[in-house]
Structure formats: structure tokens, C-alpha cells
1. Within the stretch 140-150, can you find the residues that are assigned to a helix (DSSP H, G or I) and either among the basic types (Lys, Arg) or over 18 Å from the mean Cα position of the chain (by Cα) (or both)?
2. Quick test of your reading of the structure: Glu154 fulfils all but one of (1) touching a residue at least 24 places away in the same chain (Cβ under 8 Å); (2) within 30 Å of Gln84 (Cα to Cα); (3) surrounded by fewer than 21 Cβ atoms within 10 Å (Cβ to Cβ). Name the failing condition by number.
3. Just checking, does the stretch 226-242 include any residue being touching a strand residue (DSSP E or B) at 6+ places or on another chain (Cβ under 9 Å), crowded, with 21+ Cβ neighbours inside 10 Å and closer than 26 Å to Arg336 by Cβ?
4. Checking Met137 against (1) buried (at least 19 other Cβ atoms within 10 Å of the Cβ); (2) at pLDDT 95 or above; (3) assigned to a helix (DSSP H, G or I), which test does it fail?
5. Take the residues of the stretch 273-307 that are of a type in the set (A, V, I, L, M) and modelled with pLDDT of 80 or more: which is surrounded by the fewest Cβ atoms within 10 Å (Cβ to Cβ)?
6. From the set of residues in the stretch 258-272 that are modelled with pLDDT of 95 or more and of a type in the set (A, V, I, L, M, F, W, C), which is nearest to the chain's Cα centre (by Cα)?
7. Condition test on Gln322, is it surrounded by fewer than 18 Cβ atoms within 10 Å (Cβ to Cβ) and in contact with a Lys or Arg (Cβ under 9 Å, 6 or more places away or on another chain)?
8. Answer yes if at least one residue in the stretch 66-81 is in contact with a helix residue (DSSP H, G or I) (Cβ under 9 Å, 6 or more places away or on another chain), of a type in the set (Gly, Ala, Ser), within 24 Å of Arg201 (Cβ to Cβ) and at pLDDT below 95, and no otherwise.
Amino acid sequence: MKYYVIAGEASGDLHGSNLIRALREKDPHADIRCWGGDKMEAAGATLVRHYKDLAFMGFIEVLNNLGTILRNIRFCKEDITAYQPDVLILIDYPGFNLRIAKWAKQQGFKIIYYISPQVWAWKENRVKLIKQCVDKMLVILPFEKAFYQKWNYEVEYVGHPLVEVVEEYMNKEQERRNSELQTSNLKPQTSNIIALLPGSRKQEILKKLPIMLEVTKRFPEYRFVVAKAPGLDEAFYSTLLAPYGNVSSVKDQTYSLLMQAKAALVTSGTATLETALFGVPEVICYKGNALSYQIAKRLVNIKFIGLVNLIMDKEVMKELIQDDLTPGNLEKELDRLLNDPEKQRQVKEDYAALKTLLSQGGNASANAAASIHAFLHDSAK
């Protein structure tokens, strides 16, 4: 079978890569072409466009790059037409993917959406378009199935793919550490590392990382480590980090960093959930273009922006949004995570409940691949 997969962000690249591996187990002769990143390419897909050339965030940023976006959409349509896939698999990234879905449906292509757009947060009327264009929707958040049922649209909950990713990594890393401790007779050391996860897009990093870095001066006894985005060059970060003596950085080692971190300052998005699954207390940070934020605030219909809080339907971790994201507020919240026993107890309890909730769906990548394979088999009858 021929599969055409489109992901437009770092998180989509991660989940897309695991889906591609699971698809290959079901279909060893799978021919897969993709828009995504290094991980999807390493999993065996032919990479057409890298997400670092696609990721524009916020209303104003999208307007400023509209020409590039429209050219990408046009090229994507041409590439799909030339490739003639058996199925088009869309991973989140709705601004781009829903346009492609509408066009692809008119051309007669089969369409599966893996990881639903956050239509429950804003632009809920997009569900009408999804119902018209998407043959099968595979969702990864427990509350999404009930949301779509309100619209009389049956979707399949496959579990959250991050659960298996994080568990596999933690188990392997723990085995390695246990082996090292046995051979060296060393005792496990207490970590003094604070992780800084400012995002994967240059625009969002420039908004948030300088504020995060200011806080490092107020905790001289800790080492702060920035997780660099895979698609950005070293010079970009070195300029930002140069004035801060207790700050270092890592690239392609975010999970290793989270295994060692005592706390984390994390940009809103998938990273907030990854951090929670590693059991690391966090402060959720968001700051965008001022005009984009004001527009979004009037359109978005959710109580929280952090995935952890959304899934749990309560504020598990503090969210500092836009003007509230200041060095002073960050210092206060980070101090609570590091020094307040009651806060630490509450975080541990809520994280355990979160993991239980997300684990109920099973192995998301394998479930999604099985569902896609069954859909194609049934369609061929």
C-alpha cells in the first residue's frame, strides 16, 4: 500500500515516526511518503518537506508568511496527485491539513486523521468540514470521543502515543543506570537540574526563553539546561545563552534531560504532557504576539492551555500566560515546586492519576496502525 503522511510540527514528527513503524509491522511492503521531520524519515518514510519550513504560529505570523503557506499547499496537492496514495494520513496541523483534506476528498482520495485538531478549543464548526472530508478520525485524548459524539460523528480513541514513548524510554534508561550503579558501586545522586523547554519554533522561543533565562539568576544553586529544538542552528541559541553562567544546553536529548530534572519551565503544548509523564513538576509558560494573543483569547473556548490541565479538567500545574509570564511570577512558582512539600505531594498524586487515565486506551501507535490497516482492507472489498 502507498501512504502519504502529513505532520507539520515536532510533536507530529515524533508521533508520525512511531505510526510509520507500526504501519510497517502491519504492511512490510508499505511505501510511505511524508511531510514531517528527521524522525519520520528515520522510520523509513521519504521526506518531502521538513516541518521547520512549515511551522508558523499565531494569526499575525501566518499572515506574514501567507505566500509561503499557499505555495506549500499548492506543491502538496501536486505531489499527492503525482504519488497517488492509497490513503492520506493527516496528523494534527489543522490550518494546513484541513485544506488538503477538503481538496483530497474532492479528488477521491481516502483520508484518515490521526490526532484530532483541537476543535473543542476553538472553531468548533470545523467539525462539519471534518465530517464531510475525513473517512476515519483517530483521537488520542479521552474527552475527545464524547466531544465528537455531540456532533453525531463516531471517532476511535486509540490511547495517547506519548505514554508508550515515555515508558519505553524510562525503562531502558533505568536499566542502563542500574547497570552502571552495580558495576561502579556509586549511589544515585540528587539532581539539581532545572529543565527549560521553550518550544520548537523560533518565534515562540524568542518570546519565552529570555524570560525563563532571567529566572536562572535567582536560583544560583541550580543548573539550568535548555532543550534545543532540532531544526534551529547553534548560533541562534548561543547569542541568547551567553550572558548566563549557570545555563547550558542539550540537543536531541530532551528525554534524558527530563529524567534528571527536578523541575521544569515548559512552553504550552505537547512538551507539558511529556514533562508530566516523566514525573517532573512544571510551570506552563505561554507568550505570543500581543495582537495574535488578543484575537485568540476572544476565539478560544477552553479553561486551560496546558494539556495536563485540560485532560485532568483542573489546574494541576500553574499556567503563566502572556502578561503573567514574568521573571517574578516564574520565580515564585518555581520556588513552590522546589520547596513546598504539600505542592510536591499534590503534583505526584495528580501525575499518577493522569498516567492511569491516558494508559486506558493501550498502545496508540499500534492501535492506530491496526485501525488504518483494517480500514484499507475493508475499503478494498
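1. Of everything in the stretch 140-150, those that are assigned to a helix (DSSP H, G or I) and either among the basic types (Lys, Arg) or over 18 Å from the mean Cα position of the chain (by Cα) (or both) turn out to be Lys145, Ala146, Phe147, Tyr148, Gln149.
2. (1)
3. Within the stretch 226-242, one or more residues are touching a strand residue (DSSP E or B) at 6+ places or on another chain (Cβ under 9 Å), crowded, with 21+ Cβ neighbours inside 10 Å and closer than 26 Å to Arg336 by Cβ.
4. Met137 satisfies every listed condition except (3).
5. Ile305
6. Val266
7. Taking the combined requirement at face value, the residue satisfies it.
8. Among the residues of the stretch 66-81, not one is in contact with a helix residue (DSSP H, G or I) (Cβ under 9 Å, 6 or more places away or on another chain), of a type in the set (Gly, Ala, Ser), within 24 Å of Arg201 (Cβ to Cβ) and at pLDDT below 95, which makes the answer no.
The values are calculated or read from the model by the stated rules, or taken from the named source; none is laboratory data. The model shown is predicted, which means the values in this text are computed figures rather than measured ones. We place every Cβ from the backbone using ideal geometry, glycine too, and count neighbours over all the protein chains shown.
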